[in-house]
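Asks: Structure provided below as structure tokens; questions to follow.
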Amino acid sequence: MKIAFVGKGGSGKTTLSSLFVRHLAATAQPVVAIDADINQHLGPALGLDEAEAAALPALGEHLPLIKDYLRGSNPRIASADTMIKTTPPGTGSRLLRVRENNPVYDICARSVELDGGAARLMVTGPFTDADLGISCYHSKTGAVELCLNHLVDGRDEFVVVDMTAGSDSFASGMFTRFDITFLVAEPTRKGVSVYRQYKEYARDFGVVLKVVGNKVQGQDDLDFLRAEVGDDLLVTVGHSDWVRAMEKGRPPRFELLEDVNRRALRMLEIAADATYELRDWERYTQQMVHFHLKNARSWGNERTGADLAAQVDPGFVLDESVTAPV
């Protein structure tokens, strides 16, 4: 299942996504965690120290390798140089799977040990001084989007993405790449404003959106969230001594996380599992093509000097039965 955590800056989405990754790893479920946020805090939230987090390979720095591998023998893609972030797979393309080993994971992913379990961690890389004035952060997240376009996951396999703050993911089609999106919202007017944006933007794309209320301190906070988001409110999370210790760099064993918060994480897992039966791979592929053609017309054709519409394989539908060349 492909799962996004979104929310305004400071909402706690990175903390919640890291807790969910720990929860999955603790139950020995295969999980790929991706930090697609500009602030790159997921590694430390998963227990890495500053040096370890800084040493993580950046997806954006290995984009040529990623493109070359995913292109495979697809005859519709003349060269890796003509691939953009929205390029869809087709016959001959290589795909990524959660449980496999492949050159992309070898170069761009690192295994993080988590209380008896482990997760593969991938990061976009930080926005550096060298990027200022010449680049936007979407050039960094483009590697994530391209990987998601070529990723096939099955039941009981998890890809958890800590997204950029606010509604930035709507600048591309990446918001449609997920089985479920958890929007982390504080019980404040600002806290629910991103929810309203997401709800409006995602309305026509079949996005499954559920709200996780964070920093909820009492019945008044709960009533506020229920009034603002209605049935989209899935679960709430309050104060956690375990999280406070984790934020100080001294996390206890994960089994010591408060029972109420462990139950909340289990509810997130149940909600994600339930979306498996709703999967529509044909619609998923059509949306991929829709955003690719949109990007091709607006900037991609000019940038690459190629007709990127020709990359679309009209008979191809990405699903779990697709086999790819070695």
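The values are calculated or read from the model by the stated rules, or taken from the named source; none is laboratory data. Owing to the predicted nature of the structure, the values given are computational and were not obtained by experimental measurement. Don't worry about glycine lacking a Cβ; one is built from the backbone with ideal geometry, like all the others, and counts go over all protein chains shown. When the accessible area is computed, the model is the full protein with side chains, heavy atoms only, and any ligands, DNA or RNA have been set aside. Shrake-Rupley method; radii C 1.70, N 1.55, O 1.52, S 1.80 Å.
Asks: Listed residues Leu318, Leu222, Leu268, Leu278; which is touching a residue at least 24 places away in the same chain (Cβ under 8 Å) and over 25 Å from the mean Cα position of the chain (by Cα)?
Replies: Residue meeting the stated conditions: Leu222.
Asks: Further, regarding this structure: Here are Phe158, Phe175: which of them is touching a Pro at 6+ places or on another chain (Cβ under 8 Å) and either under 21 Å from Thr14 (Cβ atoms) or modelled with pLDDT under 90 (or both)? Outline the logic, then answer.
Replies: On the way: Phe175 fails: touching a Pro at 6+ places or on another chain (Cβ under 8 Å).
Going through Phe158, Phe175 in turn, the sole match is Phe158.
Asks: A further question follows. Quick check on this structure: which one of Asp35, Asp115 is touching a helix residue (DSSP H, G or I) at 6+ places or on another chain (Cβ under 6 Å), under 30 Å from Ala271 (Cα atoms) and either open to solvent by less than 10 Å² (accessible area, probe 1.4 Å) or without any contact (Cβ under 8 Å) to a residue 24 or more places away in the chain (or both)?
Replies: Of the residues listed, the single one that is touching a helix residue (DSSP H, G or I) at 6+ places or on another chain (Cβ under 6 Å), under 30 Å from Ala271 (Cα atoms) and either open to solvent by less than 10 Å² (accessible area, probe 1.4 Å) or without any contact (Cβ under 8 Å) to a residue 24 or more places away in the chain (or both) is Asp35.
Asks: Specify the residue that is farthest from Pro64 (Cα to Cα); the eligible residues are those in the stretch 96-108 that are open to solvent by 10 Å² or more (accessible area, probe 1.4 Å) and in a loop (DSSP other than H, G, I, E, B).
Replies: Only one residue fits best here, namely Arg99.
Asks: Next question. Exactly one condition in (1) within 18 Å of Asp153 (Cα to Cα); (2) touching an Asp or Glu at 6+ places or on another chain (Cβ under 9 Å) is false for Ser321; which is it?
Replies: With (1) within 18 Å of Asp153 (Cα to Cα); (2) touching an Asp or Glu at 6+ places or on another chain (Cβ under 9 Å) applied to Ser321, the lone miss is (2).
Asks: Does the stretch 25-37 contain at least one residue that is over 14 Å from the mean Cα position of the chain (by Cα), outside any loop (DSSP other than H, G, I, E, B) and of a type outside the set (D, E, K, R)? Steps first, please.
Replies: Initial filter on the stretch 25-37 (over 14 Å from the mean Cα position of the chain (by Cα)): 25-30.
Still in the list and also outside any loop (DSSP other than H, G, I, E, B): 25-26.
Now narrow it down to the ones that are of a type outside the set (D, E, K, R): 25-26.
Yes - at least one qualifying residue is present in the stretch 25-37.
Asks: Next up: Just checking, does the stretch 44-62 include any residue being assigned to a loop (DSSP other than H, G, I, E, B), of a type in the set (Asp, Glu) and open to solvent by 30 Å² or more (accessible area, probe 1.4 Å)? Can you show your working first?
Replies: Initial filter on the stretch 44-62 (assigned to a loop (DSSP other than H, G, I, E, B)): 46-49, 55-57.
From what's left, of a type in the set (Asp, Glu): 49.
The next check asks that each one be open to solvent by 30 Å² or more (accessible area, probe 1.4 Å); those that pass are 49.
So far as the stretch 44-62 goes, yes, one or more of its residues are assigned to a loop (DSSP other than H, G, I, E, B), of a type in the set (Asp, Glu) and open to solvent by 30 Å² or more (accessible area, probe 1.4 Å).
Asks: Now for a separate question. Out of the helices (runs of 4 or more DSSP H) lying entirely within the stretch 234-302, which hold 1 or more residues that are open to solvent by 20 Å² or more (accessible area, probe 1.4 Å) and farther than 30 Å from Gly142 by Cα? Working first, answer last.
Replies: On the way: elements: 241-247, 259-274, 281-295.
Qualifying helices (runs of 4 or more DSSP H): 241-247, 259-274.
Asks: Could you count how many residues in the stretch 209-224 are surrounded by fewer than 17 Cβ atoms within 10 Å (Cβ to Cβ) and either part of a helix (DSSP H, G or I) or hydrophobic (A, V, I, L, M, F, W, C) (or both)? Break it down stepwise before answering.
Replies: We begin by selecting, within the stretch 209-224, every residue surrounded by fewer than 17 Cβ atoms within 10 Å (Cβ to Cβ); these are 217-220, 222-223.
The next check asks that each one be either part of a helix (DSSP H, G or I) or hydrophobic (A, V, I, L, M, F, W, C) (or both); those that pass are 219-220, 222-223.
Final tally of qualifying residues: 4.
Asks: Tell me which residues, restricted to the stretch 70-89, are surrounded by fewer than 20 Cβ atoms within 10 Å (Cβ to Cβ) and either touching a Phe, Trp or Tyr at 6+ places or on another chain (Cβ under 8 Å) or outside any loop (DSSP other than H, G, I, E, B) (or both).
Replies: Residues satisfying the conditions are Ala80, Asp81.
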